[in-house]
1. If I model a spin label at residue 37 and residue 15 as a point 7 Å from the Cα along the Cα→Cβ vector, what separation in nanometres do I get?
2. Give me the distance in nm between label points sitting 7 Å out from Cα along the Cα-to-Cβ direction at residue 136 and residue 120, one decimal.
3. Relative contact order, percent, of segment 65-141 when contacts are C-alpha pairs under 8 Å separated by at least 6 residues?
4. Under the 0.36 nm per residue contour assumption, what length would be gained going from the current alpha-carbon distance of residue 128 and residue 66 to full extension?
5. Helix 92-107 versus the longest principal axis of the chain: what is the Cα-based angle in degrees, 0 to 90, to the nearest 10?
6. Relative contact order for the chain: what is it in percent, counting Cα pairs under 8 Å that are at least 6 residues apart?
7. Within segment 58-141, list the trypsin sites (Lys or Arg not before Pro) lying in a DSSP loop whose Cβ has at most 16 other Cβ atoms in a 10 Å radius.
8. Of 23/100; 70/132; 70/100; 60/132, which ones are farther than 32 Å apart at the Cα?
Amino acid sequence: MIMNETLRLYSPVYSGFMRDVDKDIRLGKFDLPASVQFHIPIMAIHHDPDIWGEDVNLFKPERFSEGIAKATNNNPTAFMPFGMGPHICAGFNFATNEAKITIAMILQRFTFSLSPGYVHSPFPFLAVRPEKGVQVIINAL
């Protein structure tokens, strides 16, 4: 739940995805002709209050407690930090497994707290990152 909420708020790809239309299709209420490109704005979708609720900008991992479909108001395609379908990031499984293992190993040995001087300032670049870094206090267990 914590990883999903973190990926929702701070997606690995900030700008979104471009997709090519191979043949004439209807996408919702839009008719898209062949040979058109369209943009899927991941950060806009992941911060849409119609999908995620009025608390869209709050870090609430419990929104994923009943799965992605419930968290997205029965619109699971609204959560796609690594893309979706045949275009999903090839490193998705590796990245999520590596993150889980690394976090588990670190939390067995240390506690973390934010420094009193920390200022939350996400900075959109290719990926979202902290503009002023993340000052933390680390204590061994």
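1. 0.9
2. 1.6
3. Numbers: 53 pairs, mean separation 17.2, N = 77.
Relative CO of segment 65-141 lands at 22 percent.
4. On the way: separation 62, 0.36 × 62 = 22.32 nm, distance 2.65 nm.
Stretched out fully, the residue 128 to residue 66 stretch lengthens by 19.7 nm.
5. 10
6. 25
7. On the way: sites: 63, 70, 100, 109, 132; in loops: 109, 132.
In loop regions of segment 58-141 (DSSP not H, G, I, E or B), the sparsely surrounded trypsin sites (Lys or Arg not before Pro) are 109, 132.
8. Values: 23/100 40 Å; 70/132 34 Å; 70/100 23 Å; 60/132 23 Å.
Going by Cα-Cα distance, 23/100; 70/132 fall outside the 32 Å limit.
The values are calculated or read from the model by the stated rules, or taken from the named source; none is laboratory data. Everything quoted here is computed from the prediction, not taken from an experiment. No Cβ is skipped: glycine too gets one built from the backbone with ideal geometry, and neighbour counts run over all protein chains shown. Remember, those area values only see protein heavy atoms, side chains included, never the ligands or the DNA or RNA. Shrake-Rupley method; radii C 1.70, N 1.55, O 1.52, S 1.80 Å.
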